[in-house]
Amino acid sequence: MSSKVGTGNTGVNTSGAIHTKCSGVMRGVARTSAAGGTVSIRGRCIVSGVVRFGVSADDRLLDRFDTLIAEKGYVNRSEAVRDLMRASLVEEQWMSGEGEAVGTVTLVYDHHASDLAERLTAQQHTHHHEIVSTLHVHLDHDHCLEVLVLRGAPHAIGRIASELIGTKGVKHGKFVATTTGQDLV
Ligand code: NI
């Protein structure tokens, strides 16, 4: 175990130390006061691969967050925060344009509208490498709902989604960018 003790703005390297509250292993730096007392810990307590960490927040912000996640059906804050983390990581992957991504396109259209159904089918055949599955539901006498699953480079998937949604005659379209899940825990 390495140990570097300091005061003021310096810190104590806590790596490898045992956290007294939960017997987990500490990773990170404990800030110390000028008198040598610990005033805050910017570290992690790791128990069986799960890290516990503290978050400071304005109480009004936390109240609103708790109300929101309760309405969404979360059983605790931890799962809600984990989902926010994952959403940020997925968004970052899409912004970087790197790796393989997955997305879904939902389309609602009137299949009587000119040759729309044929044009949409032709577009999907053109991109058959990226469009890996299609669900078609006949909503009523006129309207069709299609949900397409796309897989490939983020920029390619995004472009195909925009093309499909922007097709003249499509009444509503929605693209949802998600992930293969391989880089998330
Ligand atoms: Ni149909």
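Summary of values
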{"read-out": "Some residue of region 88-102 being in a helix (DSSP H, G or I) and farther than 30 Å from Thr167 by Cβ", "value": "yes"}
{"read-out": "Pick from region 124-156, criterion charged (D, E, K, R) and in a strand (DSSP E or B), ranking: nearest to the ligand (Cβ to nearest atom)", "value": "Glu146"}
{"read-out": "Condition check for Asp110: in contact with a strand residue (DSSP E or B) (Cβ under 8 Å, 6 or more places away or on another chain), modelled with pLDDT under 95 and charged (D, E, K, R)", "value": "yes"}
{"read-out": "Selection within region 92-107 - loosely packed, with under 15 Cβ neighbours inside 10 Å and at pLDDT 90 or above", "value": "Glu100"}
{"read-out": "Verdict on Ala177 being aliphatic (A, V, I, L, M), under 30 Å from Leu68 (Cα atoms) and surrounded by 12 or more Cβ atoms within 10 Å (Cβ to Cβ)", "value": "yes"}
{"read-out": "Condition met for Glu100 (under 22 Å from the mean Cα position of the chain (by Cα) and within 30 Å of Gly54 (Cα to Cα))", "value": "no"}
{"read-out": "Index of the failed condition, Ala113 passing every other in (1) part of a loop (DSSP other than H, G, I, E, B); (2) without any contact (Cβ under 8 Å) to a residue 60 or more places away in the chain; (3) within 18 Å of the chain's Cα centre (by Cα)", "value": "(3)"}
{"read-out": "Contacts under 9 angstrom Cβ, first residue in region 117-137 being under 16 Å from Ala156 (Cβ atoms), partner loosely packed, with under 10 Cβ neighbours inside 10 Å, 6 or more apart", "value": "Ile131/His125"}
{"read-out": "Checklist (1) loosely packed, with under 13 Cβ neighbours inside 10 Å; (2) away from the ligand (no atom under 13 Å from the Cβ); (3) not in a strand (DSSP E or B) applied to His172, failing item", "value": "(3)"}
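The values are calculated or read from the model by the stated rules, or taken from the named source; none is laboratory data. Since the model is a prediction, treat every value here as computed from it, not as a measurement. Cβ atoms come from the backbone with ideal geometry, glycine included; neighbour counts cover every protein chain shown.
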